[in-house]
Every structure is written in C-alpha cells, then in structure tokens.
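Q: Handing you this structure, nothing more for now.
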Amino acid sequence: KEAEKAVAAKQAHAAEAKQTVVLQYLGKEIPYSELVDRAVDAWKAAGKDEAALKEVKVYVKPEENKAYYVLNDGEEIGSFDI
C-alpha cells in the first residue's frame, strides 16, 4: 500500500511539472504545443466548438514533413505540413 502511494505521489508531481517537448530535425525546431495548437485550429476551422474538443492526438512523420491529427477519437481527422 505504501509503495502504491509513493508511485501515485510521483505521478502527481510529474503531472504538475512544466513539460516541454520539441521536435528537432533538418534545422527545424517545432514545439509540441504548436502542433497541438494547429490541430485545435483545424477543429475550430471546421466550425466546431472548442469546448467540445476532449481529445487531441498528433502523429508526426518528419520524413513526410507532415503532422497528422485525430480529434475526439476520429470525429475530425486531417494533416498539415510542418
């Protein structure tokens, strides 16, 4: 039980820590947050309410110079150049 509490405390602390993910390749540097923002922008451009957006998945394929997104478990799917 104590071990479970310790793991839960570590996970809670990690979730609160500032996190930054940056994709670097071919002289480019793209923050993960920018990729997510662009997927959210696609959601809004489709005329959907931002408050209805519950899940954002972004898949990056540097070899294609593309990012693919899946929003709300497939309700909106698309891609954009990175």
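Q: Can you pull the accessible area of residue 16 for me, 1.4 Å probe, Å² to the nearest 10?
A: For residue 16, solvent-accessible area is about 150 Å².
Q: Using a 1.4 Å probe on the protein heavy atoms only, what accessible surface does residue 33 show? Give it in Å² to the nearest 10.
A: 70 Å²
Q: Candidates (1) 13.2; (2) 14.8; (3) 12.7; which is the computed Kirkwood radius over Cα pairs in Å?
A: (2)
Q: From a point 7 Å beyond the Cα of residue 25 in the direction of its Cβ, which residues of the range 38-82 have a backbone N at a distance under 16 Å?
A: Zone members listed by number: 58-69, 79-82.
Q: In straight Cα distance, which aspartates and glutamates are under 17 Å from residue 54, not counting same-chain residues fewer than 8 positions off?
A: Reachable aspartates and glutamates: 37, 41, 73, 75, 76.
Q: At 1.4 Å probe size, with no ligands or nucleic acids counted, give the accessible surface of residue 37 in Å², nearest ten.
A: In the full protein context, residue 37 sits at about 90 Å².
Q: A further question follows. Using alpha carbons only, how many degrees (0 to 90, rounded to 10) separate the axis of helix 2-16 from the longest principal axis of the chain?
A: So the helix axis and the longest Cα principal axis differ by about 40 degrees.
Q: For residue 66 and residue 46 in one chain, what is 0.36 nm times their gap in residues minus the Cα-Cα distance, to one decimal in nm? Show your work: numbers first, answer last.
A: Working: separation 20, 0.36 × 20 = 7.20 nm, distance 1.96 nm.
Length gained between residue 66 and residue 46: 5.2 nm.
Q: Using Cα atoms only, what is the angle between the long axis of helix 32-45 and the major principal axis of the chain, expressed in degrees (0 to 90) to the nearest 10?
A: Helix 32-45 sits at roughly 50 degrees to that axis.
The values are calculated or read from the model by the stated rules, or taken from the named source; none is laboratory data. Computed from a prediction, not measured in an experiment: that's the story for all the values here. Cβ sites come from the backbone with ideal geometry, for glycine too, and all protein chains shown count toward neighbours. When the accessible area is computed, the model is the full protein with side chains, heavy atoms only, and any ligands, DNA or RNA have been set aside. Shrake-Rupley method; radii C 1.70, N 1.55, O 1.52, S 1.80 Å.
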